[in-house]
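The block underneath contains the structure these notes are about, expressed in structure tokens.
The values are calculated or read from the model by the stated rules, or taken from the named source; none is laboratory data. Computed from a predicted model, the values in this text were never measured in an experiment. No Cβ is skipped: glycine too gets one built from the backbone with ideal geometry, and neighbour counts run over all protein chains shown. With ligands, DNA and RNA removed, areas are computed over all heavy atoms of the protein, side chains included. Shrake-Rupley method; radii C 1.70, N 1.55, O 1.52, S 1.80 Å.
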Amino acid sequence: MNTRSILTFVMVSLVALSACDQDVMMSEKGVRLPDGDVQAGREAFLYMQCNQCHTIKGEQLPGIPGQDPPYVELGGDVTQVKTYGQLITAIINPSHKLATGYAKEVVSEDDESKMYVYNDHMTVKELIDLVMFLQPHYNVLPPSFRYPVYP
Ligand code: HEC
């Protein structure tokens with residue numbers, strides 16, 4: 001390799017590195033919280049008033065007087081696994097990926113989720129318990145796979 005091709009190699013590597021998807025580098029996939037307490041998670045869900053905007057498939061939750069009815073259902077059939085990684089992300093970084101299946105204007109404003117950010121108030125324990133409570137409500141369906149058509 002002469003100096004020029006080394007330089008080209010370095011440049012190409014740098015470009016490839018910077019193009020590297022930030023989501024991959026900051027992936028939530030490897031996150032593993034300690035096991036939480038389902039009942040405490042349910043209680044946290046209620047005293048933090050998550051039920052102001054959310055119902056949960058298969059759970060009877062009280063409504064909040066004087067508030068509009070909740071409009072985003074949590075749990076139920078999903079084709080994508082709601083791992084704790086994804087749930088944690090949805091809770092502490094709501095705008096990262098908006099819930100699918102809703103019109104954008106229903107769940108967001110200027111590309112920001114309408115969900116409150118609780119990060120200054122929620123303890124890690126509350127987060128752990130909330131995720132423990134929520135995760136079993138997701139029923140993961142096998143993704144529908146389409147075989148590619150070859151000419
Ligand atoms: C003011 C309304 C509001 C409140 C209160 C609220 N959320 Fe949300 N939440 C939303 C909206 C709107 C979405 C859909 C947009 C998005 O994905 O952020 C959402 C999405 C979510 C999702 C992802 C759902 C999916 O299918 O991807 C989870 C999990 C969630 N919220 C949990 C909570 C928890 C736990 C609390 C209480 C600590 C809470 N939310 C409080 C409005 C709210």
- In the range 68-91, which residue that is away from the ligand (no atom under 11 Å from the Cβ) and in a loop (DSSP other than H, G, I, E, B) is nearest to MET122 (Cα to Cα)? THR83
- How many residues of the range 44-67 are touching a strand residue (DSSP E or B) at 6+ places or on another chain (Cβ under 6 Å), more than 9 Å from the ligand (Cβ to nearest atom) and either assigned to a loop (DSSP other than H, G, I, E, B) or open to solvent by less than 40 Å² (accessible area, probe 1.4 Å) (or both)? The answer is 2
- Message: Quick check on my filter: what residues within the range 92-105 are hydrophobic (A, V, I, L, M, F, W, C), more than 9 Å from the ligand (Cβ to nearest atom) and farther than 16 Å from GLY41 by Cβ?
- Response: ALA103
- Note on the structure: The number of residues in the range 107-144 that are loosely packed, with under 13 Cβ neighbours inside 10 Å, of a type in the set (A, V, I, L, M, F, W, C) and either within 6 Å of the ligand (Cβ to nearest atom) or assigned to a helix (DSSP H, G or I) (or both) is 1
